[in-house]
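K.L.:
One structure, pasted below without further comment.
The values are calculated or read from the model by the stated rules, or taken from the named source; none is laboratory data. Just so you know, these numbers come straight off a predicted model, no measurement behind them. All Cβ positions, even for glycine, are placed from backbone atoms using ideal geometry, and neighbour counts span all protein chains on display. Each accessible area value is taken on the protein alone, full model and side chains, heavy atoms only, with ligands, DNA and RNA left out. Shrake-Rupley method; radii C 1.70, N 1.55, O 1.52, S 1.80 Å.
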Amino acid sequence: MLQIRDASVAFPASDGSAVHALDHVSLDIAPDSIVVAVGASGCGKSTLLNAIAGFLPLTAGSITLDGEEIDRPGGDRGVVFQKDTLLPWASVVDNVALGLKFAGLSKTARRERARELLDLVGLADFADKPPYELSGGMRQRVGLARALATDPKILLMDEPFGALDAFTREELWGVMQALWLEKRFTGVLVTHDLREAVYLADTVYVMSRRPGRIVMVRKIDLPRPRTLAATFEPAFVDIVHELRDRIHQEHAA
């Protein structure tokens, strides 16, 4: 269980004032679920994700994972960034195995584990290639596999598909869903794409303008596995419009 209680974050501004990014955010995120934060640019989505990752200290409040307070990065949280951040000099399999190396596994064990994950994301044939020989979508698959290599309790994803073309992005939604069905991790995703949010989420949280607050909680009760065709069906489209309307209302306030 990930519990966020009255989490607030403020940054110092150049004029000596404070920029308030998050304002008393409280959430309970159940195990084995995917939750998605959406909202206008600058609403604090990535700030919230970075606080959960332990990259960013809270000004007030607390974040706990299974009762343990989060105050630094840890192996119980895997992170997928918008840019793949792969090591260009290492092979694909060694990129995936990087966290396992720090965990102390032998070279044979970590490469075996990495190859299993590459098979799950459809890249088994590219294990020994350098990252620069892969497309952007393939590199993000490697990033997903690397983040899951250490079996984290939570997978944190900050716009992981945002820089990709529409077709590749939709393909990776399917990869993400298949990974979740296989691994049943807890996922926290930040995105601007409302179709992506509804496709992947069990719950969508709409955030206010800065300072970020939770202004809407929308449970997504559509059956899984979800298909791309289903994203154009009335029930799916209605949820997307509902979320978009709430974001527009907040932006216009």
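K.L.:
So, in region 51-75, how many residues would count as being within 30 Å of residue 132 (Cα to Cα) and either open to solvent by 50 Å² or more (accessible area, probe 1.4 Å) or of a type in the set (Ser, Thr, Tyr) (or both)? Give the derivation first.
P.N.:
Looking only at region 51-75, we keep the residues that are within 30 Å of residue 132 (Cα to Cα), and these are 53-55, 73-75.
Narrowing the set further to residues that are either open to solvent by 50 Å² or more (accessible area, probe 1.4 Å) or of a type in the set (Ser, Thr, Tyr) (or both) leaves 55, 73, 75.
The total comes to 3.
K.L.:
Let me ask you something else. Looking at (1) over 23 Å from residue 22 (Cβ atoms); (2) small (Gly, Ala, Ser); (3) outside any helix (DSSP H, G or I), which one does residue 187 not meet, given that it meets all the others?
P.N.:
Of the numbered conditions (1) over 23 Å from residue 22 (Cβ atoms); (2) small (Gly, Ala, Ser); (3) outside any helix (DSSP H, G or I), the odd one out for residue 187 is (1).
K.L.:
What number goes with the only condition from (1) open to solvent by 60 Å² or more (accessible area, probe 1.4 Å); (2) over 22 Å from residue 3 (Cα atoms); (3) over 13 Å from the mean Cα position of the chain (by Cα) that residue 195 does not pass?
P.N.:
(1)
K.L.:
Condition (residue is closer than 29 Å to residue 48 by Cβ, open to solvent by 40 Å² or more (accessible area, probe 1.4 Å), of a type in the set (Lys, Arg) and not in a helix (DSSP H, G or I)) applied to region 131-149: is it met by at least one residue?
P.N.:
No, region 131-149 contains no residue that is closer than 29 Å to residue 48 by Cβ, open to solvent by 40 Å² or more (accessible area, probe 1.4 Å), of a type in the set (Lys, Arg) and not in a helix (DSSP H, G or I).
K.L.:
Would region 78-85 turn up any residue that is of a type in the set (Gly, Ala, Ser), out of contact with any Cys (no Cβ under 8 Å at 6 or more places or on another chain) and at pLDDT 90 or above?
P.N.:
Let us first name the residues in region 78-85 that are of a type in the set (Gly, Ala, Ser), namely 78.
Next cut, out of contact with any Cys (no Cβ under 8 Å at 6 or more places or on another chain) only: 78.
Now narrow it down to the ones that are at pLDDT 90 or above: 78.
Within region 78-85, one or more residues are of a type in the set (Gly, Ala, Ser), out of contact with any Cys (no Cβ under 8 Å at 6 or more places or on another chain) and at pLDDT 90 or above.
K.L.:
In region 104-123, what residues are hydrophobic (A, V, I, L, M, F, W, C) and loosely packed, with under 14 Cβ neighbours inside 10 Å?
P.N.:
The answer is 109, and nothing else.
K.L.:
Can I ask one more? In region 150-179, what count of residues is obtained for those that are open to solvent by 10 Å² or more (accessible area, probe 1.4 Å) and within 23 Å of residue 54 (Cβ to Cβ)?
P.N.:
Residues in region 150-179 being open to solvent by 10 Å² or more (accessible area, probe 1.4 Å) and within 23 Å of residue 54 (Cβ to Cβ): 7 in total.
Here is a yes/no grid of residues against (1) assigned to a helix (DSSP H, G or I); (2) touching a residue at least 24 places away in the same chain (Cβ under 8 Å):
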site	(1), (2)
74	no, no
82	no, yes
85	no, yes
101	yes, no
108	yes, no
112	yes, no
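K.L.:
While we're on this one: Hey, among the residues in region 204-253 that are open to solvent by less than 20 Å² (accessible area, probe 1.4 Å) and in a helix (DSSP H, G or I), which one's farthest from residue 178 (Cα to Cα)?
P.N.:
243
K.L.:
Here is a follow-up. For region 190-203, name all the residues that are in a loop (DSSP other than H, G, I, E, B) and small (Gly, Ala, Ser).
P.N.:
Selection gives 201 alone.
K.L.:
All but one of (1) outside any loop (DSSP other than H, G, I, E, B); (2) out of contact with any Pro (no Cβ under 6 Å at 6 or more places or on another chain); (3) not aliphatic (A, V, I, L, M) hold for residue 78; state the number of the condition that does not hold.
P.N.:
Single failed check for residue 78: (2).
K.L.:
So in region 87-98, with the set limited to residues that are part of a loop (DSSP other than H, G, I, E, B), in contact with a helix residue (DSSP H, G or I) (Cβ under 8 Å, 6 or more places away or on another chain) and hydrophobic (A, V, I, L, M, F, W, C), which one is surrounded by the fewest Cβ atoms within 10 Å (Cβ to Cβ)?
P.N.:
The qualifying residue surrounded by the fewest Cβ atoms within 10 Å (Cβ to Cβ) is 87.
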